[in-house]
Amino acid sequence: MNSYTSIDLATWKRRGTFEYYRTFQNQLFNITLEFPAVELYRYAKRNRISFFLLTLHAILRAVNSVPQFRQRIVDGGQVIEFEHVAALTPIMTPEEEFVMALTEYAPSFAEFRGQAEAAVAAAKRGEFDPSVRQRNDFICASCVPWYGFRSLTQAALTLDQSIVILTWGKMDASGNIPLALQLNHALVDGLHVGRFHRALTGFLTAPASL
């Protein structure tokens, strides 16, 4: 687990909003967005790089650019903010089962690629380190490349779930991909989703910046 900062609830400017949404029976919200991915796809094909890994890295960079996406609720109500978060993603094995791969954050794709490719290869062999389940400094990021979607509701681990869960789908004829997010409203508002949207759009349309 990487370093984090504990947020002092007594002085936190979001305390009132945080405590308000914590009274809800369900404080989670789901939103599906659309992103232009054709430039990234062309870049991947031109350079013979995995479109999946390029997209995952772009998503991870966008997530890490928004502090609220790196915050977690722990110990029944304490809030911490990680310096950065990784991505836990399901990988399909030859037997058409899924094994999770943990891909650690790196600011550049060149740094990200080596360890991510190794993690994906291990997952395809059926290898998974169960100690990952003791961490919460990651997002859950799934790709469903077989179809697109207009909306998607993620499964909830608990009603106090604060790990960001997202899924992206097949690129459509216009070169766009759908991406569904599940977020905890005690930590995240539409403003923060907008910042994520702007960051990811920038990465996807300027792939050389990755």
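Over the chain, with the other protein chains present, what is the accessible area per residue in square angstrom, probe 1.4 angstrom? Per residue, the chain has 50 Å² of solvent-accessible surface. Derived scalar couplings between HN and Hα for segment 42-47 equal 5, 5, 4, 5, 5, 9 Hz in order, rounded to whole Hz, by the Karplus curve 6.51 cos²θ - 1.76 cosθ + 1.60 (θ = phi - 60°), x for Gly and Pro.
Kirkwood-based Rg over Rh for segment 106-210 (C-alpha set), two decimals? So for segment 106-210, dividing Rg by the Kirkwood Rh gives 0.97. Close amide-amide hydrogen proximity is noted between V164 and C140, each under 5 Å apart and 5 or more residues distant or on a separate chain (H modeled in the peptide plane; Pro and chain starts excluded). Between amide H atoms placed 1.01 Å from N, distances below 5 Å from I49 occur with no residue 5 or more places distant or on a separate chain.
When each of the peptides 27-35, 180-188 is scored by how many other beta carbons lie within 10 Å of its residues on average, the order from highest to lowest is 180-188, 27-35. Bridging of K45 to lysines at a Cα separation below 28 Å is possible for K124, K170, once same-chain residues fewer than 8 apart are set aside. Overall, segment 30-104 carries a charge dipole of about 480 debye about its Cα centre when +1 sits on the Cβ of Lys and Arg and -1 on the Cβ of Asp and Glu, all other atoms neutral.
In segment 114-187, the portion of solvent-accessible area held by carbon and sulfur atoms comes to 54 percent [1.4 Å probe, whole percent, DNA, RNA and ligands not counted]. Along its three principal directions, the equivalent ellipsoid of the chain from the Cα gyration tensor extends over semi-axes of 28, 19, 17 Å, largest first.
Hey, if you put +1 on the Cβ of every Lys and Arg and -1 on every Asp and Glu Cβ in the chain, which of T201, Q68, G148 ends up farthest toward the positive end of that dipole? Among T201, Q68, G148, the one farthest towards the positive end of the dipole of the chain is T201.
One quarter of the convex hull surface built on the alpha carbon atoms of segment 153-210 amounts to 5.1 nm², the projected area averaged over directions.
Taking all protein chains together and rolling a 1.4 Å probe, D160 ends up with roughly 50 Å² accessible.
Cα centroid separation, segment 122-144 to segment 19-84: 15 Å.
The values are calculated or read from the model by the stated rules, or taken from the named source; none is laboratory data. A quick note: this is a predicted structure, and the numbers were derived from the prediction, not measured. Virtual Cβ from ideal backbone geometry, glycine too; neighbours counted across all protein chains shown. Heads up: the accessible areas ignore ligands, DNA and RNA and are worked out on the full protein's heavy atoms, side chains in. Shrake-Rupley method; radii C 1.70, N 1.55, O 1.52, S 1.80 Å.
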